[in-house]
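The values are calculated or read from the model by the stated rules, or taken from the named source; none is laboratory data. Remember, it's a predicted structure, so these values are computed and weren't measured experimentally. All Cβ positions, glycine included, derive from the backbone under ideal geometry; neighbour counts span all protein chains shown.
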């Protein structure tokens, strides 16, 4: 199996090279390209995932449906489809970009840094997830409003990137169907 590469970026979000994914997340992580995806079911509920306890960063923390890194030359929609299969063992459809300019930097308790330009997407579930245990400890389908309430009352349970994303009304509207953006 080939080594998974991530795309390194300059401060203007232009590609400047690549690095092995397994080596890029350190205490001095360079800015790199990523994506976050929120998955809605046919009933409007949102898929949340709890990161596996063996994950390098934020183990056991609840977060958006899944995240990933487009490889060199790979488009976001293709990367989302690939990662949905790898992490959750299912397909998603209708991936729609809702936060094209999202960028964050966060430091885990272990000192590992996340430093990503990370457009945010909303998609629809095409099947039931079958999460890989090394990636996902558990899943939950909840109403988007329940997530908003959790972000307000118990933010320590959620990933820092999810909290930052939820601070943007564009995502909240997309998750509740109150937006022209339709996954």
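For beta carbons closer than 9 Å, sequence separation of 6+ or different chains, a first residue in the range 134-145 that is over 8 Å from residue 52 (Cα atoms) and a second that is loosely packed, with under 14 Cβ neighbours inside 10 Å, the qualifying pairs are 141/41; 141/43; 143/44; 144/44; 144/177. The range 1-78 holds strands (runs of 3 or more DSSP E) entirely within its bounds, and those carrying 3 or more residues that are within 18 Å of the chain's Cα centre (by Cα), at negative phi and in contact (Cβ under 8 Å) with a residue 60 or more places away in the chain map to 5-9, 35-40, 46-51. Residues in the range 150-172 include none that are at pLDDT below 95, part of a loop (DSSP other than H, G, I, E, B) and crowded, with 18+ Cβ neighbours inside 10 Å.
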